[in-house]
């Protein structure tokens, strides 16, 4: 299936010169959505990525992480922006192109013996994925690998990530 044909290109969003890859058109396509989740699951299984938990980053990582966790018979743990989680959290700050951002995870969400798969819709510069790794390292989890729908290869985000399998379905 040609997933690129199901992902809408939106020029000059959120600012001039940026080509935004909009997955809402993929999500609304029944066959495309099923193919995406099934293919991620198959590739994870083929790579031996059988986690105890899938960790997804706010917010599009939730969309793909929960059904993938279900198919892999794993739990799901969200990584959120500050102030969204009600219990004690670990927090990490990371650099953006223009400024910084923060991510949080519940301190009791995972234990140091848990094996995790990190899922998001996109890897671009790798900042969000790297920050998620940093959170999981605070807990002591083993990061088995990553699963992304899209990769913006020119931004070389995978260079920031540990040497584990990285699954992507569409490259730009």
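Points to keep in mind about this one:
- Scanning segment 161-172 for residues that are free of Cβ contacts under 8 Å to residues at least 60 places away in the same chain and either in a loop (DSSP other than H, G, I, E, B) or surrounded by 15 or more Cβ atoms within 10 Å (Cβ to Cβ) (or both) returns 161, 162, 163, 164, 166, 168.
- Residue selected from segment 73-91 under the condition free of Cβ contacts under 8 Å to residues at least 40 places away in the same chain and touching a helix residue (DSSP H, G or I) at 6+ places or on another chain (Cβ under 7 Å), by the criterion surrounded by the fewest Cβ atoms within 10 Å (Cβ to Cβ): 75
- Residues that are in a helix (DSSP H, G or I) and crowded, with 23+ Cβ neighbours inside 10 Å, drawn from segment 33-57: 36, 40, 44
- Residue count for segment 20-31, restricted to those that are farther than 17 Å from residue 120 by Cα and either modelled with pLDDT under 95 or surrounded by 12 or more Cβ atoms within 10 Å (Cβ to Cβ) (or both): 1
- One residue from 46, 35 being farther than 21 Å from residue 126 by Cα, without any contact (Cβ under 8 Å) to a residue 12 or more places away in the chain and over 15 Å from the mean Cα position of the chain (by Cα): 46
- From the options 147, 154, 109, 87, residue that is more than 24 Å from residue 48 (Cα to Cα) and either in contact with a strand residue (DSSP E or B) (Cβ under 6 Å, 6 or more places away or on another chain) or in a loop (DSSP other than H, G, I, E, B) (or both): 87
- Of note, residue 60 satisfies the criterion of being on the phi < 0 side of the Ramachandran plot, crowded, with 17+ Cβ neighbours inside 10 Å and touching a residue at least 40 places away in the same chain (Cβ under 8 Å).
- From the list 105, 123, the lone residue that is crowded, with 16+ Cβ neighbours inside 10 Å, within 24 Å of residue 170 (Cβ to Cβ) and modelled with pLDDT of 95 or more is 123.
- Take the conditions (1) under 15 Å from residue 117 (Cβ atoms); (2) under 17 Å from the mean Cα position of the chain (by Cα); residue 24 misses just one of them, which is (1).
- Qualifying residue in segment 92-103 (condition: in contact with a strand residue (DSSP E or B) (Cβ under 7 Å, 6 or more places away or on another chain), within 27 Å of residue 23 (Cα to Cα), free of Cβ contacts under 8 Å to residues at least 24 places away in the same chain and part of a loop (DSSP other than H, G, I, E, B)): no
- Test result for residue 116, in a helix (DSSP H, G or I), in contact (Cβ under 8 Å) with a residue 12 or more places away in the chain and in contact with a strand residue (DSSP E or B) (Cβ under 9 Å, 6 or more places away or on another chain): no
- Any hit, segment 128-142, residues being in contact (Cβ under 8 Å) with a residue 60 or more places away in the chain, more than 14 Å from residue 77 (Cβ to Cβ), in contact with a strand residue (DSSP E or B) (Cβ under 9 Å, 6 or more places away or on another chain) and part of a helix (DSSP H, G or I): yes
The values are calculated or read from the model by the stated rules, or taken from the named source; none is laboratory data. All values reported here derive from a predicted model rather than from experimental measurement. Please note: Cβ atoms are built from the backbone with ideal geometry, for glycine as well, and neighbour counts cover all protein chains shown.
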